[in-house]
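The values are calculated or read from the model by the stated rules, or taken from the named source; none is laboratory data. Here the structure is a predicted model, which is why all the values come from computation and not from measurement. Neighbour counts run over all protein chains shown; Cβ positions are idealised from the backbone, glycine included. Accessible surface is based on the protein model in full, side chains and every heavy atom, while ligands, DNA and RNA are left aside. Shrake-Rupley method; radii C 1.70, N 1.55, O 1.52, S 1.80 Å.
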Amino acid sequence: MLKLWRLLGRPGKIRFGLALLLSGLAGASSIVLLGLSGWFLTAAAIAGSAGAGYVFNHLYPSAGVRGAAFSRVLTRYGEQLVGHDATLSLSAVLRPQLFAASASTQRGFTSMPAKDLSTLIDDVDAAEAGFLRVYSPAAAVIAGIAVALGFVFASDWISGLLALAAFLCTGWAFPAMAVQRSHRAADANARQAELAREQTSRLVENAIELDILGAMGRETRVAQAALEEQVSGRDAIEAPYRNLGAFTATAGLALALLVLWRAAEAQSSIAMATGAALALMAAFESTGAMLKVFDARARSGVAAERLAARLQPAEASWDPPLESAASLDSLFPLSANGLMAQAAPNAPMIGPLSFTVSPGTLLQLIGPSGSGKTTVAEALMRLHPVSPGMLTYNGVPAETTRIASVLAHVAISPQFPAFLPGTLADQMRLAAPEATEDEIWRTLRIACADAFVAARPEGLDIMFHEGDLPFSGGELRRIGLARALLAKPEILILDEPFAGLEADLARRLAVNLDTWASEAPRALIALAHKPLDVAFEKLSSSEVHIQS
Ligand SMILES: Nc1ncnc2c1ncn2[C@@H]1O[C@H](COP(=O)(O)OP(=O)(O)OP(=O)(O)O)[C@@H](O)[C@H]1O
């Protein structure tokens, strides 16, 4: 957790420190309030029954009780405010950094597997809640125990030593042991939870196809069984904790009675003993929270470690340091000299390929499915490591340039573009945040996407919701193309640009792209399984065939 808190810098760490202090004060104030009230009421009653009530000074103790009550309320609210604020600051810093680290270390366009993504989401939740579930309650319990011990030692030191030993057992050793005992069950449960989550999310993602295949009922039962197994597994994790609560309450009561009995035996201050007894019972009750603390600590600790590891290489291993990276004004001419690349360490090596991409050209990367077209395109964008000398941009070796500086000059129109929740204008402005509506309509026209967008009454304000996209697959591809054009790249990569389009539409799109690419220093790279059968008259076209 501390590694993550470091991300916040000094002001954030101070806020967490203040929240911890306030938590401790809130815990201490609760116990002071009970102990002092117990002492005050008993002392006042004794003084009254002895006929000395009029000489008993009520002022200071009653002010102390009121002060403790105020302090308890104020520190509790203060801790909530400061603690939640610090936790939110951690979220605000952690999430973009994790996003950036994942994005920059990912090879190619592969998205994170659903399993990894849900583990990441759970880790973020567990680590962010670490303060509120672990450190804050632990500080309150420890401060409360310290105050209760103060009362008991003030009454009787033997009871104090016994109470200290009992606190060590009920507040630390027993909960820690119980959590450790359930560790194996928790590990097994985490694996079951992962499996159940993966099965459920795949079920939801593929619900329609599974329904059509008639497999929905069967797969739902499998997912349900996995979820039920996981829930019953949680019972096994919690079993070692169950009797601890009763044991802790009994220990608190027994020690409170011991303190009172010893005070009566020794004929010492019964008022102080009453205060100590009340403080003890309250502090023992509060140690019940330590089970949750140890449990959450184990989970948020592991989650924080995993997140810290994810943040470690914030950059792809093949990205040179910012200070020594070569600057890149233009990608032209892009030269592949025996270029070889692979989609993943265990993927087949593609290449060697040699070609040049200059302004005013169309390069067709042609090959059957799985031959490596996407891998080569990704390598040209620096999304895969390539050996020195295999790729240069304007004479600058690729390995000396930053990935981001290459991506600033290139865009891709993928087969399945990604959309975030928001309007169509929002989707388009992902590529160019400052784009005006006129500019957006212009690129929609080039991509032959203007007519079907204009046919909708909402126009550019039409909403894209997750899992509920308002256009057909082919229309969404052309929106993706329009968005790529809006980025005004030097090189536009088109993944199977004319697949599934009727001949007339394909011809119009080709004319538009031909014009767009030739009106500035631009080039197109098309990935296709066979040579394009539409004409590009202004661009000079070449083909590179990739063997499978
Ligand atoms: N993440 C991965 N792990 C292992 N192998 C991979 C991975 N991604 C791709 N491959 C393999 O790398 C090779 C090239 O894949 P690539 O996606 O570049 O082919 P492609 O020509 O673009 O295919 P398609 O036309 O079907 O999209 C294939 O053999 C593929 O199975």
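Side notes on the structure shown:
- Residue within the range 286-293 that is over 20 Å from V152 (Cα atoms), assigned by TED's automatic domain parsing to the domain that holds L25, in a helix (DSSP H, G or I) and open to solvent by less than 10 Å² (accessible area, probe 1.4 Å) present: yes
- Pick from the range 204-227, criterion more than 26 Å from the chain's Cα centre (by Cα) and among the acidic types (D, E), ranking: least open to solvent (accessible area, probe 1.4 Å): E219
- The lone criterion from (1) over 30 Å from the mean Cα position of the chain (by Cα); (2) modelled with pLDDT under 95; (3) open to solvent by 30 Å² or more (accessible area, probe 1.4 Å) left unmet by A455 is number (2).
- Verdict on L362 being under 15 Å from F332 (Cα atoms), more than 15 Å from the ligand (Cβ to nearest atom) and either open to solvent by 50 Å² or more (accessible area, probe 1.4 Å) or over 37 Å from the mean Cα position of the chain (by Cα) (or both): yes
- Members of the range 228-260 found to be farther than 12 Å from N189 by Cβ, within 30 Å of the chain's Cα centre (by Cα) and crowded, with 16+ Cβ neighbours inside 10 Å, listed by number: Y241
- Flag: I491 matches the condition of being among the β-branched types (V, I, T) and under 20 Å from E537 (Cα atoms).
- Residue count for the range 87-101, restricted to those that are of a type in the set (K, R) and crowded, with 17+ Cβ neighbours inside 10 Å: 0
- Remark: H84 matches the filter, which requires a residue to be modelled with pLDDT of 85 or more and open to solvent by 70 Å² or more (accessible area, probe 1.4 Å).
- Comparison of L501, L532, L509, L524 shows that the only residue that is assigned by TED's automatic domain parsing to the domain that holds G338 and under 22 Å from L383 (Cβ atoms) is L524.
- Breaking point among (1) more than 31 Å from the chain's Cα centre (by Cα); (2) buried (at least 22 other Cβ atoms within 10 Å of the Cβ), for S268: (2)
- Criterion: crowded, with 18+ Cβ neighbours inside 10 Å and away from the ligand (no atom under 15 Å from the Cβ) - qualifying residue of L322, L339, L353, L334: L334
- Subset of the range 366-394 that is part of a loop (DSSP other than H, G, I, E, B) and among the polar types (S, T, N, Q) - its residue that is least open to solvent (accessible area, probe 1.4 Å): S371
- Scan the range 300-309 for residues that are within 19 Å of E238 (Cβ to Cβ) and crowded, with 21+ Cβ neighbours inside 10 Å and the total you get is 1.
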